[in-house]
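Some notes on the structure that comes next.
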Amino acid sequence: MVNNKISEKDQKVLIKALEKINNVQDEQKRKNFEKMFKKISSDLSLEELLNTYTVAELKEVKKIWKVILPSTAKKNDLIQGIKSSMEKDLSIGMMYFDSDRVSELASFINKPVQINWSMNVKAITYFRKLGLVYTGIIDGNKSVICPKEFNEMFLELKKDKQFLRMITRNDDILNLTRGYLHVYGALSISQCIELVEKSIDSNIEHEWFIQFILQRYAYKSNEFIIYGDYVCHSDIYDHIDIVEKVQKCDYDYKKYSVDKIKEFGSEKYIKNSGCRNDLKDLLLKSYNMEEYDAEEIIDACEYAIKNDKDVQFVMEYLSHSLVVNDMNIYAKLLKHLIALKEENVHWTLKGYTPKEIESLKENKGTQLKIGRNDPCYCGSGKKYKKCCGKN
């Protein structure tokens with residue numbers, strides 16, 4: 001019989017190798033970021049700023065602005081083609097934008113902005129790849145700048161009713177996508193499009209939606225991501241595992257109102273439930289931690305539960321963050337985590353909580369047909385006696 005277990009020595013070697021790879025990748029990212037900064041003037045024109053790009057960078061920008069040129073086009077031809085497209089219609093490069101990106105781009109329009117530790121470096125890199133902002137060293141400081149021509153062009157664009165309607169529509173699509181993935185975790189791209197289309201009563205092109213998701217990910221990677229034919233919440237552990245378990249769940253997807261989905265998808269959405277608040281109070285009182293740290297720990301616990309991890313898994317995770325020597329605190333933690341698991345939406349349960357599934361099962365009378373050794377109705381893949389049948 002083959003022993004697939006990795007020895008402790010091999011585990012240490014593997015961890016060191018992974019750390020080395022991560023260090024190399026981080027160093028490469030740092031070098032690439034540094035390459036973006038060369039000495040420039042604060043009043044450069046669009047043509048002059050485009051000239052600071054390499055030919056390879058200009059070819060990528062050309063695709064965004066739908067410039068048709070042969071692959072052998074020279075640098076000056078690329079610059080003139082991109083410049084002409086931008087001057088004709090600045091909204092071409094912003095067709096996937098939402099209000100967040102419009103507002104952030106506006107902050108760079110009027111004057112150079114000095115880069116500091118609090119800035120969204122990923123966003124700057126994203127805007128730069130679109131040719132909308134440019135980076136360089138101005139008066140000895142790393143700065144972000146927009147071409148002087150953009151001042152008037154951007155002001156006119158913000159008055160354009162068609163552009164504003166487009167941004168409002170994109171906001172709705174973004175919030176709805178976030179909301180649906182908040183409750184369902186992973187959806188096929190076609191399935192997600194269908195849900196959003198019904199919610200906004202408007203058609204969405206398949207390829208447009210893929211680009212919309214990819215561009216949002218390039219700007220902000222902690223929301224959702226595309227894996228193959230699926231769009232997934234960024235905190236999903238294994239989308240294949242979730243999808244397989246969803247397919248075993250006999251119930252239809254739980255239906256939510258459009259307003260509720262938008263509420264879930266809002267960046268201002270505040271998670272608030274009795275069991276979550278009880279767990280937060282316990283952490284604050286027992287470990288004297290900041291509320292922000294407690295919220296982060298509970299978020300991690302909730303995402304583990306949404307990924308169909310059991311309470312033991314979550315307790316093991318907590319043991320890496322907390323020292324639990326007091327059995328009374330241990331018992332309270334366990335109690336609150338069990339409540340959190342029962343009252344939280346599970347991505348394997350099509351937007352339902354275990355409590356809701358139990359209620360559905362009772363209403364349909366299906367509990368009489370489930371044997372102890374049958375697969376559990378919740379879709380976990382475990383036997384009923386080792387899952388929901390424990391109680």
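Looking only at residues of segment 324-340 that are assigned to a helix (DSSP H, G or I) and either outside the structural domain of residue 278 (by TED's automatic domain parsing) or without any contact (Cβ under 8 Å) to a residue 40 or more places away in the chain (or both), we find that the one that is nearest to residue 355 (Cα to Cα) is 338.
Residue-wise test of (1) among the charged types (D, E, K, R); (2) farther than 17 Å from residue 351 by Cα.
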residue	(1), (2)
227	no, yes
232	no, no
241	yes, no
246	no, no
253	no, no
260	yes, no
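The set of residues from segment 300-315 being within 18 Å of residue 235 (Cβ to Cβ) and in a helix (DSSP H, G or I) comprises 300, 301, 302, 303, 304, 305, 306, 313, 314. Would you call residue 112 of a type outside the set (Ser, Thr, Tyr) and more than 20 Å from residue 36 (Cβ to Cβ)? No; evaluated as a whole, the condition is false for this residue.
Among the residues of segment 345-359, those that are surrounded by 17 or more Cβ atoms within 10 Å (Cβ to Cβ) and not basic (Lys, Arg) comprise 345, 346, 347, 348, 349, 351, 352, 353, 354, 356, 357, 358. Return yes when residue 118 is over 21 Å from residue 217 (Cβ atoms), of a type in the set (Gly, Ala, Ser) and within 23 Å of the chain's Cα centre (by Cα) and no when it is not. Yes, satisfied. Restricting attention to segment 66-96, and to residues there that are assigned to a helix (DSSP H, G or I) and among the charged types (D, E, K, R), which single residue is surrounded by the most Cβ atoms within 10 Å (Cβ to Cβ)? Checking each candidate, the answer is 83. Regarding residue 20, is this residue over 24 Å from the mean Cα position of the chain (by Cα), surrounded by 10 or more Cβ atoms within 10 Å (Cβ to Cβ), farther than 30 Å from residue 111 by Cβ and modelled with pLDDT of 70 or more? So residue 20 passes the test. A residue that is surrounded by 12 or more Cβ atoms within 10 Å (Cβ to Cβ) and in a loop (DSSP other than H, G, I, E, B) occurs nowhere in segment 274-281.
The values are calculated or read from the model by the stated rules, or taken from the named source; none is laboratory data. The shown structure was predicted, so the numbers you read here are calculated from the model rather than taken from an experiment. FYI the Cβ positions are ideal-geometry reconstructions off the backbone, even for glycines, and counts take in every protein chain you see.
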